[in-house]
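Structure first, then comments.
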Amino acid sequence: MNVHESEKIAGILTKLGYIEANEGEDADVVVFNTCCIRDNAERKATGHIGMMKTEKKKNPDMIVAVVGCMTQQDGAGRALKEKFPFIDIVLGTSNLALLETYIPSVAASRAKYVDIDDNELPPINENETFYRTSGTNAWLNIMYGCNNFCTYCIVPYVRGRERSRTKEAIIDEFKRLVDEGYKEITLLGQNVNSYGKDIYGNSYGFAQLLEDLAKVEGKHRIRFMTSHPKDFNRGLIDVIAAYPNICNNIHLPVQSGSDKILKLMNRHYTRDYYLDTVAAIREKLPDCGITTDIMVGFPYEEESDFLDTLDLVEKVRYSNAFTFVYSVRKGTPAAEMPQVDPLVAKDRIMRLIAAQNRITKELSKEYENKVFEVLCEDLSPTKKGCVCGRTDSGRLVTFAGGSDLIGKFCNVRITRSQSASLFGETEE
Ligand code: SF4
C-alpha cells in the first residue's frame, strides 16, 4: 500500500516535470511518504526527516514534503512542522493530490503548507497517474480505509472508513495494465473481502470482482491482499479454484491463536473459525500458499495464550509468516491496557520465529524435484547469472538466466531448497 502510494507521489512529480534523483542530496524535491503502523516505522521516518536539516542548509531551494499516515494522527502534522521548521509541505493521507499545486507554489514563492484533512474524506481521485516501479507486477487499489477497529491498530483513525472504487473504474484500470504488459496485478485494500459493501451492499462483492477480472483476456496473474479472516467467504475459494490465473496464494492474518487475545484485539473470529477457513481453503486449493501476520506480547497475553498461537502455527503450516512484537500505538484502546514485559515478548517472538522457520524449511523441501510455472521478475540480487521470480503460490525461486527472461513465464524444476529460498533450472 505504501509502495503504491509512493508510485502516486512519483506520478505527480513526473507530471510536474521532475525526474528521479539517485540520492537525497541531489534532489530538488524530497517527499517522505510516512507510515505509522508501528512505532519503529515512525521513529525511522522522524530520523530520516531530521537528517534533511543539513541538506536543506546546503541547498535552501530544496523542497521537503512529508505526507502519509504519520502526519494524519491527532495534531501530528503540526507538531512535525514545529519540530522541523525546514519542512515546506505537510499533507495527510487523503489529499496527496495537492502536491501538484503546492510544489510549484513553494518553488515560486517559498510558501509553506500544512494541510491535514481532519474531517471529511474527499471523493476517490480516479485521475491519478502512477510512476510504476514494481517491474512485472502492478499494484491496483480497489478500496481505501478500514472499518474494523482492531484495538491495536491506528489505520481506521488515519485512513478513514472503507471506501470502494467502482467496479468499472477497477476493471478499466486492470485492462489498461494488462495492455501495458504487466504480467501480475496485485489488488490492494486493508480488507479486500469487504470490497463493495459501501457502494453495492450485498449485490456485488470481492468474489464477483475477482471473477470479472480473471475473465479479462491475456496471460497474467492476479494476487490480492489483505483478507480479514472474518470476511473470507467460501464463494471466494470457489472463484480462486475456478480460474487458473488467480494465484493460489492467500495472506490471511491471524494475529493470535488464543480466543482470549483475539477478543481483546476485536478481531471478530475465533481460532476454530479461522482453522475451519484454512481447512476449506486446503480442501479446494491443496497447493495454496497461506501466509499470515502474527503478533506476540499483546496486552494480557499469558504463556498459555502464546502456546495456543504456537499450536495454531503448527496446525496451519504457513508458507511464510510476518511476525511482530506488539507495538503500542497512542490513541488505540490497546495502548491503555496493561503491557506485557518486553523480555517475555522477546522470548516469545524468538520461539515463534524458530517454529515458523522450521515449518518454512520443511515446506520448501516439498518443492524439490517438482516443476512450477515461475513468473521471472528480475535479475537475482545475490546470484550472478541468475534471475528470480515467484511461483503461483508466492514462493521465490532463483534460477540461471538473463534479463531476456524478465516478464516471462518459465517452467522451473526446483533442484534445491534452503530455508525459504528455492533454486531451480528451466525446463522446456
Ligand atoms: S483490519 Fe484491523 S489490523 Fe487491518 S487495517 Fe483494519 S483495523 Fe488495522
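Please treat every number below as a calculation from the coordinates, not as lab data. What you see is a predicted model, and the numbers here were worked out from it, not measured in a lab. We place every Cβ from the backbone using ideal geometry, glycine too, and count neighbours over all the protein chains shown.
Data table
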{"quantity": "Span-rule helices in the chain, defined as complete DSSP H runs reaching 27 Å or more along the axis (Cα) with Kyte mean at least -1.0", "calculated": "342-365"}
{"quantity": "When region 2-115 is reduced to its Cα atoms, the Kirkwood hydrodynamic radius in Å", "calculated": "14.1"}
{"quantity": "Highest-MSF residue in the chain out of 193, 249, 22 [GNM, Cα springs under 10 Å]", "calculated": "22"}
{"quantity": "Rounded to whole Hz, the Karplus (6.51, -1.76, 1.60) HN-Hα couplings of region 63-69, x for glycine and proline", "calculated": "9, 10, 10, 10, 9, x, 6"}
{"quantity": "Taking the convex hull of Cα positions in region 141-277, its mean projected area over all directions (nm²)", "calculated": "8.3"}
{"quantity": "Alpha-carbon Rg with Dmax, taken over region 371-427, Å", "calculated": "9.7, 28"}
{"quantity": "Rg to Rh, two decimals, where region 67-108 supplies the alpha carbon set and Rh follows Kirkwood", "calculated": "0.98"}
{"quantity": "Exceeding the 21 Å Cα-Cα cut-off - candidates 58/112; 81/112; 167/230", "calculated": "167/230"}
{"quantity": "Antiparallel bridges, percent of DSSP beta bridges restricted to region 134-247 (to nearest 5)", "calculated": "15"}
{"quantity": "Share, in percent, of DSSP beta bridges within the chain that are antiparallel, nearest 5", "calculated": "40"}
{"quantity": "Distant-in-sequence amide H partners of residue 147 (H built 1.01 Å from N, under 5 Å)", "calculated": "162"}
{"quantity": "Zero-based 20 Å bins, Cα pair distances in the chain, whole percents", "calculated": "23, 56, 21, 0"}
{"quantity": "Region 275-350, Rg to Rh (Cα coordinates; Rh as Kirkwood inverse mean 1/r)", "calculated": "1.05"}
{"quantity": "Cα lying deepest toward the dipole's positive end in the chain, options 306, 415, 137, charges on Cβ", "calculated": "306"}
{"quantity": "Distant-in-sequence amide H partners of residue 323 (H built 1.01 Å from N, under 5 Å)", "calculated": "294"}
{"quantity": "Unit charges on C-beta of K, R, D, E only; dipole of the chain, Debye", "calculated": "560"}
{"quantity": "Charge dipole of the chain about the Cα centre (unit charges at C-beta), most positive-ward option of 316, 204, 104", "calculated": "316"}
{"quantity": "Assigned charges on the beta-carbon of Lys, Arg, Asp, Glu; region 134-247 dipole about Cα centre (debye)", "calculated": "260"}
